[in-house]
Amino acid sequence: MILLPQTSARNALSLAKYIHASISEMHLNMNKGPLTLTNSIGIAQLIHDASLKDDTVESLLLRADQALYAAKKPGATVRSCLIQNSHANKDRH
């Protein structure tokens, strides 16, 4: 888990793409041959909205977990996923 205070969802997604690409480029030489690493990243943003009930740490972690599983979904070409609110709006990249 990485916490990014004072970071927009867009900037967090950019960082996630960078981390994803960096890990994807890694190849480990093993006795049985090269090992390619894969990774999936889920992103959630803390919501401060006067018209809604304040966001909680629990709901933030739940959305991050949902985004991670969406990114890991079999056959998904997406490896990072942002769940912005409890309505599960997804911004896939």
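The values are calculated or read from the model by the stated rules, or taken from the named source; none is laboratory data. Being a predicted model, the structure only gives us computed values, none of them experimental. Methodologically, a virtual Cβ is constructed for each residue, glycine included, from the backbone with ideal geometry; neighbour enumeration extends over all protein chains shown. Surface areas here come from the heavy atoms of the whole protein model, side chains and all, with no ligands, DNA or RNA. Shrake-Rupley method; radii C 1.70, N 1.55, O 1.52, S 1.80 Å.
A quick yes/no check of all residues on (1) at pLDDT 65 or above; (2) closer than 16 Å to Thr7 by Cα; (3) open to solvent by 80 Å² or more (accessible area, probe 1.4 Å):
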| position | (1), (2), (3) |
| --- | --- |
| His48 | yes, yes, yes |
| Ser51 | yes, no, yes |
| Asp54 | yes, no, yes |
| Asp65 | yes, no, no |
| Ala71 | yes, no, no |
| Ala76 | no, no, no |
| Arg79 | no, no, no |
| Ala88 | no, no, no |
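Yes or no: region 18-35 includes at least one residue that is modelled with pLDDT under 80 and surrounded by 11 or more Cβ atoms within 10 Å (Cβ to Cβ). Looking for residues that are modelled with pLDDT under 80 and surrounded by 11 or more Cβ atoms within 10 Å (Cβ to Cβ), one finds none in region 18-35, hence no.
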